[in-house]
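Worksheet: one structure, shown below.
None of the figures in this text is laboratory data; all of them are computed from the coordinates on show. None of these values were measured; they are calculated from a predicted model. Here Cβ is always computed from backbone atoms with ideal geometry, including for glycine, and neighbour counts include all displayed protein chains.
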Amino acid sequence: MLKKRIIPCLDIKDGRTVKGVNFIGLRDAGDPVELAKKYVVEGADELVFLDITATLEKRKTLAEMVEKIAAAINIPFTVGGGINSVEDASAVIKAGADKVSVNSSAVKNPQLVADLAARFGSQCVVVAVDTRNVNGTEKVFVSGGKIETEWETLDWVKKVEELGAGEILLTSMDGDGTKAGFKIDITKAVADAVNLPIIASGGAGTMEHFAEVFTQTKASGGLAASIFHFGEIPIPTLKNYLKEQNIPIRWK
Amino acid sequence: MIAIIKYNAGNVKSVYNAVTRLGYEAVITDDFETLQNADKVIFPGVGEASSAMTYLKEKGLDEVIKNLKQPTLGICLGQQLMCAFSEEGNTDCLGIFPIQVKLFPSTEIVPHMGWNTIYDLKTPLFNGIEENSDIYYVHSFYCENSEYTIASTNYILEYSAALNKDNFYATQFHPEKSAGIGEQILKNFLSLKT
């Protein structure tokens, strides 16, 4: 049986993990490679690296970092942040990333999704969608959630499926940072609207929140950052809990 | 020396990384002689069947791969290209395994992406691997179960997780991305007797 995936997300700035990491036993907790290795040992099913480096100049180090990560870990990983062209994607895929994630650049130029799918295959193309409820309608936001677009979320996910996206990373801006749980309604609606794997993100604060999203929606993965980085919910504890709830989880 | 076939498909580097992590010397190459003289050959790949076959034929690699005598492992697209025909782009493939590659019916989420179990494990490729171990998949096309099946998986329907015929082995899953279990499977392949 296909397992539900637990996916830690690492925000990278200038080649370092940000969001204050607080692991004991890491030589350098800010080193994404060290942190990635730790998550692999703990049983993470995949990893997502989001580059939030502001300047183009410093972003050139991204490919080097991806190369180091690829050499060090033996599970799949996605790289996103600032991928605006097939060339950008090619650099990180060549360096060893399994998938690339596009967000604002896809809204700006939807053809990018089709171009990426044609060049690398749909399985390489994750479309990250930031959604927020605006007067009762879920709308797509870009530029780190700052700018509202004209797209209704359900229309946008259907559009990217048509264009050849292989997976959707759905972040509810309303849930993000609240630790009040994944937003079930929109996650369920998106998962029902398309025939693609959905990674739910934004709002995870407890182990029950993961159980909720996996039992009440068709989401195939749950992504979180700080609860893993700060050690609030160790991955083995989470997986053990989900297994006890009879949710299919990779164990060992 | 382990030779990894260089062609127009992605993910070749991940396989190289996995093999070298296990302590083997590996080379990514499309040189005929290097391929023919390697201890083991790995035919990896993430990509699209028809463009991959066109490329292999242009380079003459199709004939080289078919005639390899040492243990050879196809991974994912590599496995599918080793079959006779793929529905992806209606492509005639290498025909090492005389079976068809089919598109999943889209009654469920496609691609099949994530960790799933393998069972009915046969051959030394799975030495030390427990039944129902989880390994990593990402694919939209599959090989039906046949006399060449040496492991099965169920997603939408039951199909071949791995194949074997003579010196040719193939996995639909990605051992290079399947954590410790995948590492063991790769190690098993690399220790097969030549």
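For region A:82-229, rounded, prolate or oblate, judged on the Cα gyration tensor with a ≥ b ≥ c (square roots of eigenvalues), a/c < 1.5 rounded, else prolate if a/b > b/c? Walk me through the numbers before you get to the answer.
Values: a/c = 1.69, a/b = 1.43, b/c = 1.18.
It comes out prolate by the Cα gyration axes.
Helix-derived [θ] at 222 nm for chain A: sum -39500 (n - 2.57) over DSSP H runs of at least 4, divide by residue count, nearest 500? Show your work: numbers first, answer last.
Values: 11 runs with 96 residues, N = 252.
Roughly -10500 deg cm²/dmol at 222 nm, from the helical runs in chain A.
Within 10 Å of each Cβ in peptide A:235-241, how many partner chain Cβ atoms are there on average? Round it to a whole number, please. Present the calculation step by step, with values, prior to reporting the outcome.
Numbers: counts 0, 0, 0, 0, 0, 0, 0.
Partner-chain Cβ atoms within 10 Å, mean over residues of A:235-241: 0.
Quick one: which residues, 5 or more positions from B:Lys40 or on another chain, have an amide H under 5 Å from its amide H? H modelled 1.01 Å from N in the peptide plane, none for Pro or chain starts.
HN-HN under 5 Å from B:Lys40: B:Ala3.
About the Cα centre, and with charges only on the beta carbon of Lys, Arg (+1) and Asp, Glu (-1), how big is the dipole of region A:5-245? Nearest 20 debye, please. Display every interim value, and only then the final one.
Numbers: 26 positive and 33 negative charges, 73 e Å.
The dipole of region A:5-245 has a size of about 340 debye.
Show that you can apply the helix-only estimate: for chain B, add -39,500 (n - 2.57) for every DSSP H stretch of four or more residues, divide by all residues, and state [θ] at 222 nm to the nearest 500. Please list the in-between numbers first.
Details: 6 runs with 51 residues, N = 194.
Result for chain B, helices only: -7000 deg cm²/dmol.
Subtracting the Cα-Cα distance from 0.36 nm times the residue separation, let me have the gained length for A:Lys13 to A:Met1 in nm, one decimal.
Details: separation 12, 0.36 × 12 = 4.32 nm, distance 3.71 nm.
That pair, A:Lys13 and A:Met1, stretches by 0.6 nm at full extension.
Amide H to amide H, which residues 5 or more places from B:Ile28 or on other chains are under 5 Å from it, using H placed in the peptide plane?
B:Ile4
Between A:Glu87 and A:Asn135, what is the label-to-label distance in nm when each label sits 7 Å out along the Cα-to-Cβ direction?
So the two model labels end up 4.2 nm from each other.
What's the whole-number percent of alpha carbon pairs in chain A lying beyond 32 angstrom?
Values: 4698 of 31626 pairs.
Value for chain A: 15 percent of Cα pairs lie more than 32 Å apart.
With r defined as the distance between the Cβ atoms of A:Lys146 and B:Thr123 and R0 fixed at 60 Å, what FRET efficiency is calculated, to the nearest 0.05?
Numbers: r = 55 Å, r/R0 = 0.92.
With a Förster radius of 60 Å, E is 0.65.
Pull up the DSSP beta bridges for region B:2-191 and report the antiparallel fraction as a percent, rounded to 5.
Numbers: 24 of 41 bridges.
Counting only bridges with both partners in region B:2-191, antiparallel ones make up about 60 percent.
Under the Karplus relation 6.51 cos²θ - 1.76 cosθ + 1.60, θ = phi - 60°, what is the ordered set of whole-Hz ³J(HN,Hα) values for region B:46-63, x standing for Gly and Pro?
Once rounded to whole Hz, the list reads 10, x, 10, 5, 5, 5, 5, 5, 4, 5, 4, 5, 4, 8, x, 6, 4, 5.
Would you mind computing, in nm to one decimal, how far apart the modelled labels at B:Glu183 and B:Glu158 are, each placed 7 Å from Cα along Cα→Cβ?
Calculated label separation equals 3.2 nm.
Of all beta bridges DSSP finds with both residues in chain A, what is the antiparallel percent, to the nearest 5?
Values: 10 of 42 bridges.
For chain A, the DSSP antiparallel bridge percentage is about 25.
Say a paramagnetic label sat at a point 7 Å from the Cα of A:Lys158, along Cα to Cβ; which residues of region B:90-129 have their backbone N under 20 Å from it?
B:106-111
Suppose R0 equals 30 Å; then what is the FRET efficiency for B:Asn132 and B:Leu22 from their Cβ-Cβ distance, rounded to the nearest 0.05?
Numbers: r = 24 Å, r/R0 = 0.80.
FRET efficiency, B:Asn132 to B:Leu22: 0.80.
Tabulate in residue order the Karplus-calculated ³J(HN,Hα) for region B:29-34, using 6.51 cos²θ - 1.76 cosθ + 1.60 with θ = phi - 60°, rounded to whole Hz; enter x for Gly and Pro.
My calculation for region B:29-34 gives 8, 10, 7, 3, 5, 4 Hz in order.
What does the average come to when, for each residue of peptide B:17-23, you count the partner chain Cβ atoms lying within 10 Å of its Cβ?
Details: counts 7, 3, 0, 1, 4, 0, 0.
If you average over the peptide's residues, the count of other-chain Cβ atoms is 2.
Please give the length that would be gained between A:Asp192 and A:Gln216 if that part of the chain were fully extended, namely 0.36 nm times their separation in residues minus their C-alpha to C-alpha distance (nm, one decimal). If you can, show how the numbers build up before the last one.
Numbers: separation 24, 0.36 × 24 = 8.64 nm, distance 1.14 nm.
Contour length minus Cα-Cα distance gives 7.5 nm.
Counting partner chain Cβ atoms within 10 Å of every residue's Cβ in A:121-129, what's the average?
Working: counts 13, 6, 12, 5, 0, 0, 0, 0, 0.
Shielding by partners across A:121-129 averages 4.
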